[in-house]
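Novice: Below is a structure I'd like to ask you about.
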Amino acid sequence: MKKVLVTYYSRTGNTAEMARMIADGLVDKGLEVILKRVEEVNMDSITEFDGFVVGSPNYFGTMAWPVKKFVDESVKFFKKLDGKAAAAFTSEGMIGGGGDLVVLDILKAFLIHGCVVQGLTSAGHFGPVAVGKPDERIGKEVAVLVEKFAALVERL
Ligand SMILES: Cc1cc2nc3c(=O)[nH]c(=O)nc-3n(C[C@H](O)[C@H](O)[C@H](O)COP(=O)(O)O)c2cc1C
C-alpha cells in the first residue's frame, strides 16, 4: 500500500481543516495516510513516503515559517525524494491575497527535490486555495486534488 504524508501548519484552524479533508479523501482512495502538524513530523521518516501533501496559511504571500523550517530541514534528504509525488494547499484571508504564490512556493521546493507535481485543470490550477474556513467550493477543489494525487501516487 502506498504511504503519503499530509502535513500542515495552522494557527487558527483553517489549514488544519483542509488537511483533514485531504487526508480523509486519500484514505478513501486506499492510501495509507499519516496526517501530522509540520512541527511534529519526524524528518528522519520522510523517505518512507511515496508522496507529500503540504499546507500552509498564506503569510505575506508565502508559506509560514514552520513550513519553511520543515522544507529547509528536508535538505538532509536531498536527492532521496526524487520521483515521489507532491501537492500543496493554502488558506488565506482574502481573495487575491497571494494564495497561489504560497502553493507555488511549496511546490517549488518539492520540484527541487525532484518530486512530481500534477497541475489541475478543473480546480485551482496549482492546488486548493481557501479563503478563510474551507467552504463548499474548497470541498470540490479538494475532491479533485485527492483524485488526481491518489492516481499519481499509484502510477509512480
Ligand atoms: C502573519 C500573517 C500574515 C498573513 N498574510 C496574509 C496575506 O498576505 N494574504 C492573505 O490573504 N492573508 C494573510 N493572512 C491571513 C491568513 O492567511 C488566514 O487567516 C488563514 O486562513 C489562516 O490560516 P490558519 O487558520 O490555518 O492559521 C495572514 C495572517 C497572518 C497571521
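Novice: How big, on average over all directions, is the shadow cast by the Cα convex hull of the chain, in nm²?
Specialist: Reported value for the Cα convex hull: 7.7 nm².
Novice: All other residues with a Cβ under 14 Å from the Cβ of TYR59 taken together, and with Lys, Arg as +1 and Asp, Glu as -1, what is their net charge?
Specialist: Neighbour charge sum, excluding TYR59 itself: +1.
Novice: Farthest toward the dipole's positive end in region 13-156, which of PRO128, GLY30, PHE70, given Cβ charges of +1 (Lys, Arg) and -1 (Asp, Glu) about the Cα centre?
Specialist: Towards the positive end, the residue furthest out is PHE70.
Novice: Let me ask something else about it. Counting every Cα pair in region 70-156, what percent are over 16 Å apart?
Specialist: The answer is 55 percent, as a whole percent.
Novice: Mind putting a number on the dipole of region 9-57 about its Cα centre? Charges go on the C-beta only, +1 for Lys and Arg and -1 for Asp and Glu, and I need it in Debye to the nearest 20.
Specialist: In total the dipole reaches around 240 debye.
Novice: Continuing with the same structure: Which of the helices in the chain meet the span-like rule: DSSP H, Cα axial reach of 27 Å or more, Kyte-Doolittle mean at least 0.0?
Specialist: For the chain, where a helix must reach 27 Å along its axis and average at least 0.0, the hits are 136-155.
Novice: Can you show me the helix-derived [θ] at 222 nm for the chain, built from DSSP H runs with n ≥ 4 at -39,500 (n - 2.57) apiece and divided by the number of residues, rounded to the nearest 500.
Specialist: Taking each H run of at least 4 residues, the total per residue is -12000 deg cm²/dmol.
Novice: Next question, about the same structure. Determine the relative contact order of region 1-116: mean sequence separation of Cα pairs under 8 Å and six or more apart, normalised by residue count, in whole percent.
Specialist: 28
Novice: Round to a whole number: what % of the accessible area of the chain belongs to carbon and sulfur, probe 1.4 Å?
Specialist: Roughly 56 percent, rounded to a whole number.
Novice: A follow-up question, please. For LYS133, go through the lysines and keep the ones whose alpha-carbon is under 30 Å away, minus same-chain ones fewer than eight residues off.
Specialist: Correct list for LYS133: LYS2, LYS3, LYS29, LYS36, LYS68, LYS69, LYS84, LYS108, LYS148.
Novice: Only Lys, Arg, Asp and Glu count, each charged at its Cβ (+1, +1, -1, -1), so figure out the dipole size of the chain about its Cα centre, rounded to 20 debye.
Specialist: With Lys and Arg at +1 and Asp and Glu at -1, about 220 debye.
The values are calculated or read from the model by the stated rules, or taken from the named source; none is laboratory data. A quick note: this is a predicted structure, and the numbers were derived from the prediction, not measured. Cβ: placed from backbone, ideal geometry, glycine included. Neighbour counts: every protein chain shown. Calculation scope for accessible area: heavy atoms of the full protein, side chains included, ligands and nucleic acids excluded. Shrake-Rupley method; radii C 1.70, N 1.55, O 1.52, S 1.80 Å.
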